[in-house]
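Inspection log for the structure reproduced underneath, given as structure tokens.
The values are calculated or read from the model by the stated rules, or taken from the named source; none is laboratory data. Please read these numbers as outputs of a predicted model, since none were measured by experiment. Cβ placement follows ideal geometry from the backbone for every residue including glycine, while neighbour counts extend to all protein chains displayed.
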Amino acid sequence: WLHDNVAEGDAVEITRPAGVFCLRETDAPLLAFAGGSGITPIISLAKSALATTDRDVRLRCADRDRSAAIFDTALAELAGKYPGRLTVVRHLDAELGFVDAARVREFVGADGGADVYLCGPEPFMDLVEAALPGPGRVFTERFGGAAEPADAAPKREVEGTVTIVLGHKKAQVSRHENETLLQSARRAGLAPPFSCEAGNCATCIAKLTEGTATMRVNDALTEEEVAEGYVLTCQGVPSSDSVTVNYDE
């Protein structure tokens with residue numbers, strides 16, 4: 001889109017940095033599983049951990065083949081700069097087949113209490129996350145939004161209402177099953193803010209002032225923000241009969 005629509009001198013509006021896929025203050029080892037381009041945020045985390053802490057870092061990078069390996073040279077140089085602290089394991093699907101649960105557990109080894117960072121294609125992430133033995137914390141970065149459950153019923157009208165406050169205007173619509181707060185706001189004729197619609201950027205953030213909602217994915221809000229009532233409307237589905245969400249707070 002940028003190549004087709006933006007020219008030198010154009011003004012582009014951008015949002016603030018957001019997300020929760022970031023380095024946490026802890027002495028626990030850092031393990032990371034990267035699938036393909038999922039190495040992009042993970043190499044940044046590894047660099048930060050190595051430069052600012054004494055933590056050991058181990059990365060398992062899964063790629064289709066050697067030609068598809070991203071940051072191969074950069075990771076080799078980083079390992080040379082931090083000998084004994086950074087371990088990089090390359091997994092090439094063309095030679096070893098896809099990563100499986102046994103390889104995940106083997107890589108974790110005795111570091112079950114490590115912080116684990118995970119980024120890559122959805123099937124890869126689902127497999128790794130399910131295979132992790134724990135009890136360490138797991139942080140994920142997903143490129144796509146969570147799809148509705150395959151057995152989800154059509155969005156039929158159900159008991160209750162969704163009230164939206166946006167731009168000092170209030171609109172109310174009936175509640176539809178499996179419909180997100182963002183979809184309800186659009187159905188009410190409003191133009192709510194949004195961007196990724198994947199639960200990553202927080203552009204669609206609003207505050208629940210009545211009722212409750214469950215987020216399918218939350219890779220942007222902190223636990224404190226959620227406790228204060230904030231919700232990603234692109235991911236939030238009402239879990240009470242009636243809800244009120246305020247974009248202005």
>> Condition first: crowded, with 17+ Cβ neighbours inside 10 Å and closer than 26 Å to ARG156 by Cβ. Now tell me which residues in region 219-243 satisfy that.
In response: VAL231, LEU232, THR233, CYS234, GLN235, GLY236, VAL237, PRO238, VAL243
>> Checking the conditions here, which among LEU30, LEU92, LEU96 is under 17 Å from VAL128 (Cα atoms), more than 26 Å from the chain's Cα centre (by Cα) and not acidic (Asp, Glu)?
In response: LEU96
> Picking from GLY84, GLY38, which residue would you name as being of a type in the set (Gly, Ala, Ser), in contact with a Cys (Cβ under 7 Å, 6 or more places away or on another chain) and closer than 20 Å to PHE107 by Cβ?
Replying inline: GLY38
> What strands (runs of 3 or more DSSP E) lie completely within region 56-144 and have 3 or more residues being in contact with a strand residue (DSSP E or B) (Cβ under 8 Å, 6 or more places away or on another chain) and charged (D, E, K, R)?
Replying inline: 57-63
>> Where the second residue is in a loop (DSSP other than H, G, I, E, B) and of a type in the set (Val, Ile, Thr) and the first is over 30 Å from VAL116 (Cβ atoms) and modelled with pLDDT of 90 or more and lies in region 1-27, which pairs have Cβ atoms under 8 Å and are six or more apart or on separate chains?
In response: VAL6/VAL12
>> Six or more apart or on different chains, Cβ atoms under 6 Å: show the pairs whose first residue is in region 41-55 and in contact (Cβ under 8 Å) with a residue 60 or more places away in the chain and whose second is surrounded by 15 or more Cβ atoms within 10 Å (Cβ to Cβ) and hydroxyl-bearing (Ser, Thr, Tyr).
In response: ILE42/TYR117; LEU45/TYR117
>> Can you name every one of the strands (runs of 3 or more DSSP E) wholly within region 194-239 that holds 1 or more residues which are aromatic (Phe, Trp, Tyr)?
In response: 230-232
> Does any residue of region 38-50 turn out to be of a type outside the set (Gly, Ala, Ser), in a loop (DSSP other than H, G, I, E, B), more than 23 Å from LEU92 (Cα to Cα) and out of contact with any helix residue (DSSP H, G or I) (no Cβ under 6 Å at 6 or more places or on another chain)?
Replying inline: no
>> Being part of a loop (DSSP other than H, G, I, E, B) and over 17 Å from THR212 (Cβ atoms) is the filter here; which residues of region 169-191 pass it?
In response: ALA188, GLY189, LEU190, ALA191
> In this structure, is VAL226 without any contact (Cβ under 8 Å) to a residue 24 or more places away in the chain and within 17 Å of the chain's Cα centre (by Cα)?
Replying inline: yes
> If you check ARG216 against the conditions, is it more than 23 Å from PRO17 (Cα to Cα) and at pLDDT below 95?
Replying inline: no
>> Going by what's in this entry, would VAL88 be described as modelled with pLDDT under 95 and touching a Leu at 6+ places or on another chain (Cβ under 8 Å)?
In response: no
> In region 102-112, what count of residues is obtained for those that are surrounded by 13 or more Cβ atoms within 10 Å (Cβ to Cβ) and either over 25 Å from the mean Cα position of the chain (by Cα) or more than 13 Å from ALA62 (Cα to Cα) (or both)?
Replying inline: 4
> If you check ARG90, ARG58, which single one turns out to be surrounded by 15 or more Cβ atoms within 10 Å (Cβ to Cβ), in contact with a Ser or Thr (Cβ under 6 Å, 6 or more places away or on another chain) and over 29 Å from PHE194 (Cβ atoms)?
Replying inline: ARG58
>> When you scan region 192-205, do you find a residue that is farther than 20 Å from ASP241 by Cβ, hydroxyl-bearing (Ser, Thr, Tyr) and within 20 Å of the chain's Cα centre (by Cα), even just one?
In response: yes
